[in-house]
Amino acid sequence: MITQNTIEAAVDRIGAFVRRTPVDEAPKLGTNVWLKLENQQLTGSFKIRGATNAILSMPAAQRARGVVTASSGNHGLGVAYAARKLGIAATVFVPTSTDEAKVNAIRALGATIDKVGDDCVHTEAYARLLADKTQRAFISPYNDPDIVAGQGTVGHELMQQVAGLEAVFVAIGGGGLIAGIGTYLKSLNPHIRIVGCSPAASPAMQRCIEAGKIIDVPCRPTLSGATAGGVEPGSITFDLCRDVIDEFVIVGEGAIAQSMRDIMDSHHMVIEGAAGVAVAGYQQLAHRYATATTAIVLCGANVSRATFAKVLAG
């Protein structure tokens, strides 16, 4: 379902709509450590890749009816941006806890937006019902092969940008990003280690894989709002993540905040909590990867000024 070929097809399909983000060496983190700067992506997150690929993969008649999605913010931004570029309508539902900065950014792109439910799973269920009722396509944040293939284009770029790549650290939410990256990288080199990083407050995919099935995992408030929430029953990303992730690491809120400060100090860049999860995950395991050529995916930069100010203040 998700292969090297489908990901390379996505590269060609979305090339005119997304930014090929750079990598930046990170000597303060370790020898031969590279940051993949998806925080510099259009809309401030990798999510635009999958959203654009999914919409462009639809039949034109279906696309013209408009699309519906559910999102904690970044996926909604990606869908709204792609819909505006293609001249179609988009409706985005977000959980009630979604950062207002992301809500305002989605609205500014022309999408209709509403808050429903206190968890991504509940929000998605409502959005799917509305999409069915109005005969519009639902664009899943992660449970869609076109979404996963679009996110896998990050892996395609990494293979071209980092010579001798041996390990990649990626934050896990619904699993679309790490599933796409891992599938592509391992199709070319099965020895590349894929490390999944989760906040202790919401390690849903890791707990599901440990249980051997998709289960309900309690979610507490976290700086990593983009990875918070449960895994949708029947999600294709469960099997994909189980197959490609070699190791998991869980990080606390203090470590996430510190990694956000570290990137600001060393690279003068803003990253959101989910990107901080990947950095903190590497920092926790750095002693084991000290000699490996490693990439850390900075998946986004969409954090409110108020939250970032608190993080910087410690």
Problem - Residue count for region 205-222, restricted to those that are modelled with pLDDT of 95 or more and not β-branched (Val, Ile, Thr) - result: 8
Problem - Check on GLY44, on the phi > 0 side of the Ramachandran plot and crowded, with 20+ Cβ neighbours inside 10 Å - result: yes
Practice task
Kindly establish whether ILE256 is in contact (Cβ under 8 Å) with a residue 24 or more places away in the chain and touching a Pro at 6+ places or on another chain (Cβ under 6 Å).
Solution key: no
Exercise for the section: Answer yes if at least one residue in region 269-280 is part of a loop (DSSP other than H, G, I, E, B), among the β-branched types (Val, Ile, Thr) and within 21 Å of ASN74 (Cβ to Cβ), and no otherwise. Expected result: yes
Handout entry: Number of the condition not met by ALA89 [criteria: (1) surrounded by fewer than 24 Cβ atoms within 10 Å (Cβ to Cβ); (2) more than 26 Å from VAL270 (Cβ to Cβ); (3) in the same structural domain as PHE308 (by TED's automatic domain parsing); (4) of a type in the set (A, V, I, L, M, F, W, C)]
Key = (3)
Exercise for the section: Take VAL303 and decide whether it is assigned by TED's automatic domain parsing to the domain that holds ILE192, β-branched (Val, Ile, Thr), in a loop (DSSP other than H, G, I, E, B) and crowded, with 20+ Cβ neighbours inside 10 Å. Expected result: yes
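The values are calculated or read from the model by the stated rules, or taken from the named source; none is laboratory data. Bear in mind that the values here come from a model prediction, so they are computed numbers and not experimental data. Don't worry about glycine lacking a Cβ; one is built from the backbone with ideal geometry, like all the others, and counts go over all protein chains shown.
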